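Data block below; observations after.
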Amino acid sequence: MKFNVIGLLWFSCFSVWAFSVSDYSADTLFGTYENSIFQVRIIDVHSGNQSVIGTGFLIEDGARLATNYHVISPVINKPEQYRIEIIKEGVTYEMAIVSFDVVHDLAVLTSKQSTPLGQGIRLSDRLLKKGVTLYSIGNPHDIGMTVVDGTYNGLVEHQFLDLIHFSGAINPGMSGGPTINNQGEVVGINVATSGDQIGFLVPVDKLKQLLQNRDKHQNYYDLMLDQIAAFSHRAIDEILNKPWPSEAMGDAQVVGKVSESMSCWGHSRNRKEVGLYTIAKGCSNKDQIYISQQFHTGFIEYEFQHFKAQTWDPLVFYRYVTGKLSGAVPGNKAGKDDVGNYVCEISVVGTPVLSFEKKVNYCVRSYKKIKGLYDIFYLAVSIDRENTALMEHYTLAGVTEVAANRFLNRFIESSSWQ
C-alpha cells in the first residue's frame with residue numbers, strides 16, 4: 001500500500017496531509033486514527049502556555065496513552081512546574097503518569113478523569129522484512145497531524161539498545177507518535193531523527209514489556225535506578241564476558257573492538273617538521289539515555305593516544321603530553337543539579353608482566369537524585385619512557401559501583417609496550 005501526498009485537508013480540529021491509497025480512502029485512513037492520536041502538551045503552570053509538545057496514541061481499551069519519556073520528562077524532573085495535557089474535541093484532559101521506561105524512552109499516561117478517551121490502536125505481533133513501507137504519524141512543529149511514509153531498514157547497528165532505522169522524516173513534535181504497518185498496527189514509536197530522511201523508532205515490543213511490568217517503586221528515581229542499572233550491567237557483561245582483542249598501536253599494544261555494539265575510529269598524524277608522530281584510536285557506543293535536556297547517561301567510550309618525539313627534550317615532551325591530558329573531558333552531558341563533583345584518586349600502576357608503568361587518575365561522581373549510579377572518568381599516561389607516551393581514557397556513564405570496579409580491573413591491565 002503506497003501513500004502519495006496530494007494536498008492539505010482539514011479533519012476535525014487538526015490539519016493533515018491527505019493521501020491516495022489503494023486499500024483506504026483518505027477519509028477512511030484519518031477517520032480511523034484521528035480520534036486515537038493526540039498532541040501531548042507539557043504546560044508550564046506559571047505561564048499557562050505549552051513548553052514542550054509531542055505526540056501520543058491510545059492503546060488497549062483506550063484508557064491509556066503511549067508516548068516518549070523525553071516528551072513528559074519535564075513533569076518527572078519538575079512536577080511542581082509542569083503538567084501534561086491533551087485536547088480532544090475541544091475538551092482539555094489533564095494526564096497522569098502511569099509508568100515509564102527511561103532506557104527505551106517510553107511512557108504510559110492515563111486521564112486523571114479515569115475514563116477511556118477513544119479506541120486503542122492494536123500493537124503488532126508481526127515480523128517485519130527490510131524494505132516494507134511504514135507510516136509514521138505525529139504533529140510536527142505544531143502544524144497539525146501528519147502522516148509520513150518511509151521504509152523499514154532493520155535495527156540500528158553498533159549500539160546496545162534496539163532501535164528501528166526508518167527512512168522517513170520524523171520531525172520535532174512527532175516524538176511519541178505511532179508508526180504503523182499496512183494492517184493498521186503499531187510496529188514502532190517515533191523517537192528521534194538524524195535528518196536527511198533518517199528516523200528512529202522504538203520497537204513496539206519494548207512498549208509491550210512496559211505494559212506488562214507492574215511498577216512498585218516508591219518514586220520515579222528509584223524506577224530510573226533499576227532501569228539504568230539493568231542496562232549498564234547488561235552492557236558491561238557483554239563487554240567483559242569475552243576475550244578482548246589486542247591491537248598494535250605504535251610501540252604499544254592496546255584494546256581493540258570489544259563488542260559489536262560499539263563503533264570504532266582512528267587517525268594518525270606525522271608532523272615531520274617538528275618531529276612529532278601521533279596516533280589516536282577509540283571505540284564508543286551510540287546509546288544515550290535521556291534523563292532531561294541537561295542530563296544524558298548510558299554512554300561508554302574508551303580511547304588511546306600514542307605520542308612519539310625522539311628528538312625532543314624529555315621535559316618539553318612531558319609538558320606537551322600533560323597539556324594534552326588537561327583537555328580530556330567525560331563523554332556524557334550532566335549539570336550541577338544532576339551530579340556531584342568528581343572525586344579522584346591518583347596512583348602509579350605497573351607490573352613486570354605488563355612491562356608498562358603509568359600514572360592513573362580514577363575519578364568518580366555520584367548522581368544526586370538517582371542514588372546508586374555513578375559516572376566514571378579514567379585517565380592514565382605512561383611514565384616509563386622519555387620520548388614516547390601512551391595515554392588511555394575511558395568514560396562509563398550511569399553505572400553501579402560493582403560494574404565500575406569490574407571494568408576497571410579488566411581495563412587497567414590491558415595495555416602494554418610491544
* Looking at segment 255-272, which of its residues are touching a Gly at 6+ places or on another chain (Cβ under 8 Å) and surrounded by 14 or more Cβ atoms within 10 Å (Cβ to Cβ)? -> CYS264
* Select from segment 216-233 the residues that are in contact (Cβ under 8 Å) with a residue 12 or more places away in the chain and surrounded by 15 or more Cβ atoms within 10 Å (Cβ to Cβ) and list them in ascending order. => TYR220, TYR221, LEU223, MET224, LEU225, GLN227, ILE228, ALA229, PHE231, SER232, HIS233
* Count of segment 352-399 residues which are over 15 Å from GLN253 (Cα atoms), in contact with a Ser or Thr (Cβ under 7 Å, 6 or more places away or on another chain) and assigned to a loop (DSSP other than H, G, I, E, B) -> 2
* Which of the residues that make up segment 263-281 are among the small types (Gly, Ala, Ser) and either touching a residue at least 24 places away in the same chain (Cβ under 8 Å) or assigned to a loop (DSSP other than H, G, I, E, B) (or both)? -> SER263, GLY275, ALA280
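So that you can scan it fast, the table gives a plain yes or no per residue for (1) surrounded by 23 or more Cβ atoms within 10 Å (Cβ to Cβ); (2) of a type outside the set (Lys, Arg):
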{"residue": "LYS130", "(1), (2)": "no, no"}
{"residue": "GLY138", "(1), (2)": "yes, yes"}
{"residue": "GLY176", "(1), (2)": "yes, yes"}
{"residue": "ASN182", "(1), (2)": "no, yes"}
{"residue": "ILE189", "(1), (2)": "yes, yes"}
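If the requirement is being assigned to a strand (DSSP E or B) and either without any contact (Cβ under 8 Å) to a residue 12 or more places away in the chain or in the same structural domain as ALA397 (by TED's automatic domain parsing) (or both), which of these qualifies: GLU247, GLU260?
GLU247 is the lone residue from the list that is assigned to a strand (DSSP E or B) and either without any contact (Cβ under 8 Å) to a residue 12 or more places away in the chain or in the same structural domain as ALA397 (by TED's automatic domain parsing) (or both).
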* To do: For segment 106-203, please list each of the strands (runs of 3 or more DSSP E) lying entirely inside it that holds at least 1 residues being over 19 Å from the mean Cα position of the chain (by Cα) and closer than 19 Å to GLN39 by Cβ.
  => 106-111, 133-138, 146-155, 178-180, 186-195
* Residue tally, condition over 23 Å from PHE299 (Cβ atoms), out of contact with any helix residue (DSSP H, G or I) (no Cβ under 9 Å at 6 or more places or on another chain) and touching a residue at least 60 places away in the same chain (Cβ under 8 Å), over segment 152-182 -> 2
* Check GLY372 against each of (1) surrounded by fewer than 18 Cβ atoms within 10 Å (Cβ to Cβ); (2) more than 28 Å from the chain's Cα centre (by Cα) and name the one condition it does not meet. => (2)
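Residue-by-condition table, conditions (1) at pLDDT below 95; (2) in the same structural domain as VAL147 (by TED's automatic domain parsing); (3) among the aromatic types (Phe, Trp, Tyr); (4) farther than 21 Å from SER124 by Cα:
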residue: SER12; (1), (2), (3), (4): yes, yes, no, yes
residue: ASP23; (1), (2), (3), (4): yes, yes, no, no
residue: GLY31; (1), (2), (3), (4): yes, yes, no, no
residue: GLN39; (1), (2), (3), (4): no, yes, no, yes
residue: GLU60; (1), (2), (3), (4): yes, yes, no, no
residue: ALA66; (1), (2), (3), (4): no, yes, no, no
residue: SER73; (1), (2), (3), (4): no, yes, no, yes
residue: ILE86; (1), (2), (3), (4): no, yes, no, yes
residue: THR110; (1), (2), (3), (4): no, yes, no, yes
* Asked: Restricted to segment 109-119, and to residues that are surrounded by 14 or more Cβ atoms within 10 Å (Cβ to Cβ) and touching a Phe, Trp or Tyr at 6+ places or on another chain (Cβ under 8 Å), which residue is nearest to GLU85 (Cα to Cα)?
  -> SER111
* To do: Kindly provide the set of residues from segment 293-332 that are of a type in the set (Ser, Thr, Tyr) and crowded, with 18+ Cβ neighbours inside 10 Å, ordered by number.
  => THR297, TYR302
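Within segment 294-317, identify whether any single residue is farther than 30 Å from PHE200 by Cα, of a type outside the set (D, E, K, R), assigned by TED's automatic domain parsing to the domain that holds TRP265 and free of Cβ contacts under 8 Å to residues at least 24 places away in the same chain, and answer yes or no.
Yes: one or more hits.
The values are calculated or read from the model by the stated rules, or taken from the named source; none is laboratory data. Just so we're clear, the structure is a prediction, and the values are computed from it rather than from any experiment. Neighbour counts are summed over all protein chains in view; Cβ atoms, including those assigned to glycine, are modelled from backbone coordinates with ideal geometry.
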